Structure formats: C-alpha cells, structure tokens
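To start, the structure itself, in structure tokens.
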Amino acid sequence: MNPRPLALGYLRLQPGDTPEAGDNLIADMHAYAEREGLCLADVFTEGVDVPDERHGRSAFCALLDTLRRVDGHAVIIPSPDHLSRQPYSYRTRSMIIEVEAGARLLVMSTAGTRP
C-alpha cells in the first residue's frame, strides 16, 4: 500500500473569530484532504491572537520552510481570502507555493471570495 501524499494547511483567522471557528476549519481541511487522497500533516495558522511557536516568524514563512524540508505535495486553504485578500498578493503567494516550494495549491471553496 502506497502512503498518501503529504499536504499542509494554511489559514488566517480574523479578529473576532472564535477558537471553535479555527478548529472547525481545520476539521474541514482534514476531511477535504481525505477526500483528495492526501494526508494533512499540519496546519499553519495566522491570526491576531495566535502565538507563533516558530521563533516569531509568520505562519506563512513557517509553512514554506516546512514545505521545502518535507517535500510537501500540496497546500490546502479554506478559501482564497485565507491566503490574501489582495489579488496581487494572492497571486504572488500562490506562485511561491507552486513554483518555489513545488506544491499544488488546493482551495476548498471559492464562494464569495476573489483570487
């Protein structure tokens, strides 16, 4: 039996989001990864009150470092707004994930968002 390809998750919490909202998104990401035949190994979370245990770096930088180290197959985001609300920044970040880190960017939902 072949192991499932490795995926990492990334999400950005907004002011006023409850811890349960983040937990629900992570659960949704695990279910999405399972449906896609992937193993979601870790989720990197940006947020107003989310401490980063990775030496003060942003969760996005920590995600990229991990992708390069473990040869991740994909990055899962709940919607484009989680990567960036600005179209130019979204395109830049998605290119960094896909070109520099060599992973596919998988978006769970595009409803109500703009890439």
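The values are calculated or read from the model by the stated rules, or taken from the named source; none is laboratory data. Bear in mind the structure is a predicted one, so any value in this text is a computation, not a measurement. Cβ: placed from backbone, ideal geometry, glycine included. Neighbour counts: every protein chain shown.
Which pairs have Cβ atoms under 7 Å, sit 6 or more apart or on different chains, and link a residue in region 26-39 that is farther than 14 Å from Tyr10 by Cβ to one that is in a helix (DSSP H, G or I)?
Close Cβ pairs (under 7 Å, with a partner that is in a helix (DSSP H, G or I)) amount to Cys39/Ala33.
Just to be sure I understand, how many residues within region 93-106 are farther than 16 Å from Ala62 by Cα and surrounded by fewer than 13 Cβ atoms within 10 Å (Cβ to Cβ)?
Residues meeting the conditions: 2.
Residue by residue through region 62-93, note down the ones that are at pLDDT below 90 and within 11 Å of Gly9 (Cα to Cα).
Gly72
Residues in region 84-103 that are under 18 Å from Leu38 (Cβ atoms) and among the hydrophobic types (A, V, I, L, M, F, W, C): how many?
3
Which residue is surrounded by the fewest Cβ atoms within 10 Å (Cβ to Cβ), if the candidates are limited to region 17-48 and must be at pLDDT below 85 and either within 18 Å of Ser84 (Cα to Cα) or of a type in the set (Val, Ile, Thr) (or both)?
Among them, the one singled out is Val48.
Here is a check on your reading of the model: is Ile96 closer than 19 Å to Gln14 by Cα, of a type outside the set (Phe, Trp, Tyr) and either modelled with pLDDT of 90 or more or part of a helix (DSSP H, G or I) (or both)? Spell out the reasoning first.
Details: closer than 19 Å to Gln14 by Cα: no; of a type outside the set (Phe, Trp, Tyr): yes; either modelled with pLDDT of 90 or more or part of a helix (DSSP H, G or I) (or both): yes.
So Ile96 fails the test.
Select from region 64-95 the residues that are more than 20 Å from Leu6 (Cα to Cα), small (Gly, Ala, Ser) and touching a Lys or Arg at 6+ places or on another chain (Cβ under 8 Å) and list them in ascending order.
Ser84
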